[in-house]
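Working notes, beginning with the structure itself.
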Amino acid sequence: MRKIVISSLLIVSVLIYANEDIKEVESIFKADSIITSEQVENTGTAETIHKVETQENQISENSEAETMNAEVKAVYEYRPASLRQLDAQMAIPANRGALKSLNAQYDAELMSYLESINFDSDRIFFMANQYMMMNNYANANKIFLMDNKDLKNIFGAATTFRFMGKNLEAVHKYNEAISMDSSFAENYLGRALANRNLDNYDSAINDLKKYLSMTSSIEGYAALGDIYFKLNKGKEAYDIVAAGLSKYPDSILLKTLMNGISKSGERN
């Protein structure tokens, strides 16, 4: 069975130090969860770190469109020709003045295509996820939202909301996903990170504890330790990161967090 790739934000911050003081940086790691249709039903996931490379300072207008298309082909092409052509036109800086018209054409072509495939959940997912791999979260979100009956698309909509900084909308979508399947662990991690971004720390901590009870993953230990540290709960931060290191002694992320906690002198 073909695998489905769901891109999800796993870690909200990395710690750096200056003059013995620790500072929190809004830097993120991204990861890809490889999930088959059967695994979505059974909630099994496998996490692998995926570095998203971006290209800057494109030399010409055409090179920007060509670069975007090359990145898509590296994943797989799920867009119909009409949408590919419109995406290419919108990627050209000289067309920025026509973006309103191009976006209207895009929406019309998208709806026509989705009607032609009877809003098939899998095909919606494949195309939306392709846009995620292109770092086009707005279009990915728009397409994920076209299906509200399949867990992977609800999860995708929640995740893209979070990537776009729309954390309240993300929380609402994660709530829908959890109501649909409370055993899918990644929903709790995603909702925790969205609540963390909203400064809803108690809710975030509860979800991270739930996520850790289901997965015991590095990301759960790191995210929970980071929140405790942000709340000046040095002992709790130290204890949870130490627990993570006991399971994952080679984790660079957890070692970095532990080093920061120890340098801060707030572990007692």
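The values are calculated or read from the model by the stated rules, or taken from the named source; none is laboratory data. Small disclaimer: the values here were computed from a predicted structure and weren't measured. Note that each Cβ is placed from the backbone with ideal geometry, even for glycine, and that neighbours are counted across all protein chains shown. Accessible surface is based on the protein model in full, side chains and every heavy atom, while ligands, DNA and RNA are left aside. Shrake-Rupley method; radii C 1.70, N 1.55, O 1.52, S 1.80 Å.
Tally up the residues in region 155-169 that are open to solvent by less than 30 Å² (accessible area, probe 1.4 Å) and not charged (D, E, K, R), please. Looking only at that region, the number is 8.
Whenever a residue of region 74-95 is more than 25 Å from Glu115 (Cβ to Cβ), its partners that are among the polar types (S, T, N, Q) and open to solvent by 20 Å² or more (accessible area, probe 1.4 Å), lying with C-beta atoms within less than 9 angstrom and at least six residues away or across chains, give the pairs Ala91/Thr67; Ala91/Asn69; Ile92/Asn62; Pro93/Gln58; Asn95/Gln89. The conditions of being without any contact (Cβ under 8 Å) to a residue 60 or more places away in the chain, open to solvent by 10 Å² or more (accessible area, probe 1.4 Å), of a type outside the set (A, V, I, L, M) and more than 21 Å from Met90 (Cα to Cα) are met by Asn118. For Asn187, the stated conditions hold: it is of a type in the set (S, T, N, Q) and in a helix (DSSP H, G or I).
Are any of the residues in region 145-168 of a type outside the set (A, V, I, L, M) and more than 27 Å from Tyr78 (Cβ to Cβ)?
Here is the first cut: in region 145-168, the ones of a type outside the set (A, V, I, L, M) are 147-150, 152-153, 155-156, 159-163, 165-167.
Next, from what is left, pick out any that are more than 27 Å from Tyr78 (Cβ to Cβ): 167.
Yes, because at least one residue in region 145-168 is of a type outside the set (A, V, I, L, M) and more than 27 Å from Tyr78 (Cβ to Cβ).
For region 225-239, does any single residue satisfy the condition of being buried (at least 24 other Cβ atoms within 10 Å of the Cβ) and under 16 Å from the mean Cα position of the chain (by Cα)? Taking every residue of region 225-239 in turn, none turns out to be buried (at least 24 other Cβ atoms within 10 Å of the Cβ) and under 16 Å from the mean Cα position of the chain (by Cα). Cβ-Cβ distances below 8 Å connect the following pairs, each with a first residue in region 216-244 that is aromatic (Phe, Trp, Tyr), a second residue that is at pLDDT 95 or above and part of a loop (DSSP other than H, G, I, E, B), and a separation of six or more residues or different chains: Tyr221/Tyr248.
Within region 170-182, track down each residue that is surrounded by fewer than 18 Cβ atoms within 10 Å (Cβ to Cβ) and free of Cβ contacts under 8 Å to residues at least 40 places away in the same chain. Spell out the reasoning first.
Taking region 170-182 as the starting set, the residues that turn out to be surrounded by fewer than 18 Cβ atoms within 10 Å (Cβ to Cβ) are 172, 175-176, 179-182.
Answer for region 170-182, where residues must be surrounded by fewer than 18 Cβ atoms within 10 Å (Cβ to Cβ) and free of Cβ contacts under 8 Å to residues at least 40 places away in the same chain: His172, Asn175, Glu176, Ser179, Met180, Ser182.
Filter region 95-110 for residues that are of a type in the set (A, V, I, L, M) and surrounded by 12 or more Cβ atoms within 10 Å (Cβ to Cβ) and give the result. Hits for region 95-110 are Ala98, Leu99, Leu102, Ala108, Leu110.
Of the conditions (1) under 26 Å from Asn135 (Cα atoms); (2) in a helix (DSSP H, G or I); (3) open to solvent by less than 10 Å² (accessible area, probe 1.4 Å), Asp147 satisfies every one except a single condition; which number is it? Going through (1) under 26 Å from Asn135 (Cα atoms); (2) in a helix (DSSP H, G or I); (3) open to solvent by less than 10 Å² (accessible area, probe 1.4 Å) one by one, Asp147 breaks only (2).
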